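**Student:** If you scroll down you'll find the structure; I have some questions about it.
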């Protein structure tokens, strides 16, 4: 069974960007765990509530096939977070799938993973991707190798479907 970890902010994650991909992943038979700063209830911008299974510090990327950074206003707390950058880089280096939606692709950009790669992000953060050397496409969903980025809540369903598709592919990606 494939395994995913979805990383949400403790407060103000974007509900649709968490709930829709989570449902899609689970319907595809993927075991989904949720991580945040603490194992106390995390709150979405629109009222969603989730109790994380583990903390960000407890994530071992070897236990997962994909890491999903969920966006929303709270995701900004992860933009320059060393632990989040390490998770993203270690997942990528292991040839696994790294994903982010809405404002969360800035985490990948600031971790150095998007340099020279096509990526998308919530429109107001496009300059952040470009500043980090990404090729900002402004598409709803962008896949470049084993990195998938999406622009926001309206792309949440397509984002979830793209993750499932990537997990079903047998290709193993090399490191950059």
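**Student:** Identify, by number, the condition in (1) under 18 Å from residue 148 (Cβ atoms); (2) over 17 Å from the mean Cα position of the chain (by Cα) that residue 47 doesn't meet.
**Tutor:** It is condition (1) that residue 47 fails.
**Student:** Do we have residue 158 as assigned to a helix (DSSP H, G or I) and under 22 Å from residue 24 (Cβ atoms) here?
**Tutor:** yes
**Student:** Checking residue 93 against (1) under 19 Å from residue 56 (Cα atoms); (2) surrounded by 24 or more Cβ atoms within 10 Å (Cβ to Cβ), which single condition isn't satisfied?
**Tutor:** Residue 93 satisfies all of (1) under 19 Å from residue 56 (Cα atoms); (2) surrounded by 24 or more Cβ atoms within 10 Å (Cβ to Cβ) except (2).
**Student:** Continuing with the same structure: Search region 1-21 for residues that are at pLDDT below 95 and pair each with any residue that is not in a helix (DSSP H, G or I) when their beta-carbon atoms are under 7 Å apart and the residues are at least 6 apart or on different chains.
**Tutor:** So the pair list comes out as 1/29; 1/31.
Residue by residue, here is whether (1) touching a strand residue (DSSP E or B) at 6+ places or on another chain (Cβ under 6 Å); (2) modelled with pLDDT of 95 or more; (3) under 13 Å from residue 7 (Cα atoms); (4) surrounded by fewer than 16 Cβ atoms within 10 Å (Cβ to Cβ) holds:
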| residue | (1), (2), (3), (4) |
| --- | --- |
| 44 | yes, yes, yes, no |
| 47 | no, yes, no, yes |
| 53 | yes, yes, yes, yes |
| 63 | no, yes, no, yes |
| 71 | yes, yes, yes, no |
| 78 | no, yes, yes, no |
| 85 | no, yes, yes, no |
| 88 | yes, yes, yes, no |
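**Student:** Could you tell me which residue of region 16-30 is surrounded by the fewest Cβ atoms within 10 Å (Cβ to Cβ), considering only residues that are assigned to a helix (DSSP H, G or I) and more than 14 Å from the chain's Cα centre (by Cα)?
**Tutor:** Selected residue: 27.
**Student:** Give the residues of region 31-44 that are more than 16 Å from the chain's Cα centre (by Cα) and assigned to a loop (DSSP other than H, G, I, E, B), sorted by residue number.
**Tutor:** 38, 39, 40, 41
**Student:** Which count do you get for residues in region 48-103 that are in contact with a helix residue (DSSP H, G or I) (Cβ under 6 Å, 6 or more places away or on another chain), free of Cβ contacts under 8 Å to residues at least 60 places away in the same chain and assigned to a strand (DSSP E or B)?
**Tutor:** The number of residues fulfilling the criteria is 2.
**Student:** On the given criteria, is residue 116 surrounded by fewer than 20 Cβ atoms within 10 Å (Cβ to Cβ), in a loop (DSSP other than H, G, I, E, B), free of Cβ contacts under 8 Å to residues at least 60 places away in the same chain and more than 16 Å from the chain's Cα centre (by Cα)?
**Tutor:** Against the criterion (surrounded by fewer than 20 Cβ atoms within 10 Å (Cβ to Cβ), in a loop (DSSP other than H, G, I, E, B), free of Cβ contacts under 8 Å to residues at least 60 places away in the same chain and more than 16 Å from the chain's Cα centre (by Cα)), residue 116 qualifies.
The values are calculated or read from the model by the stated rules, or taken from the named source; none is laboratory data. In this text, all values refer to a predicted model and were calculated from it rather than measured experimentally. Note that we place each Cβ from the backbone using ideal geometry, even for glycine, and neighbour counts take in every protein chain shown.
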